[in-house]
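A.B. asks: Quick one: structure below, then a few questions.
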Amino acid sequence: MGFTITPQDATIRTPMSAGPPKSRPRFSATVREVTATAYLSGAQYADLMSFYKDDLSHGSLPFTQADPETGADASWRFAGPPSAMALRSDGTKVDLWDVSFRMQVLP
C-alpha cells in the first residue's frame, strides 16, 4: 500500500495594498489528509466495503488506527467513499481490485 500525507493549510493570508501579504494562524488544530492506494483481493475489498458501509455508517463515523508518522493510535475518518477499479476477474467475480481512498487524521 502506498500513501501520501498532506497537512491542512492552517494559515490565512491577507493581501496588502503595498508590501508582502500578512499571514496569521487560521485554526489551532488541523487535520492531515491521507490519500492511499492498495491492491486488494476480492475478500479484502469486501471487508473494506463492509467496514466503510456497516461499521462506519457509510464513512460518517470516526475510527481508531495507528498514525503512520508517529505509530500512536489516532482518530481517523474517511473523506469520501473508496474508489475501486477491477483488475482481474475469473468470469464470475472480481478477485483483484486497485483501490484508492482519502482519509483524514483528526486532531
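A.B. asks: For a quick check, take a GNM of the chain with Cα springs below 10 Å and name the residue from Pro81, Pro20, Pro68 with the largest mean-square fluctuation.
C.D. replies: Pro20
A.B. asks: Using a simple charge model, +1 on the beta-carbon of Lys and Arg, -1 on the beta-carbon of Asp and Glu, nothing else, what dipole does the chain show about its Cα centre, in debye to the nearest 20?
C.D. replies: Dipole about the Cα centre, nearest 20: 660 debye.
A.B. asks: Could I ask something else about it? Given springs between every Cα pair under 10 Å in a Gaussian network model of the chain, which of Ser83, Ser50, Ser17 has the largest fluctuation?
C.D. replies: Judging by the Gaussian network model, the answer is Ser17.
A.B. asks: Taking 10 °C and 1.306 mPa s as the conditions, I'd like the Stokes-Einstein D for the chain in µm²/s, using the Kirkwood hydrodynamic radius from alpha carbon pairs.
C.D. replies: 98 µm²/s
A.B. asks: Suppose each label sits 7 Å from its Cα in the direction of the beta carbon; what would the Ser83-Ser23 distance come out to in nanometres?
C.D. replies: Placing both labels 7 Å beyond Cα along the Cβ direction yields 2.9 nm.
A.B. asks: What FRET efficiency, computed as 1/(1 + (r/R0)^6) with R0 = 41 Å and r the Cβ-Cβ distance, is obtained for Gln44 and Asp9, rounded to the nearest 0.05?
C.D. replies: Values: r = 34 Å, r/R0 = 0.82.
Plugging the Cβ-Cβ distance into 1/(1 + (r/R0)^6) gives 0.75.
Where a number appears in this text, it was derived from the coordinates with a stated rule and is not lab data. Fair warning: this is a prediction, and the values are worked out from it, not measured in the lab. With ideal geometry, Cβ positions are generated from the backbone for all residues, glycine too; neighbour counts draw on all protein chains shown.
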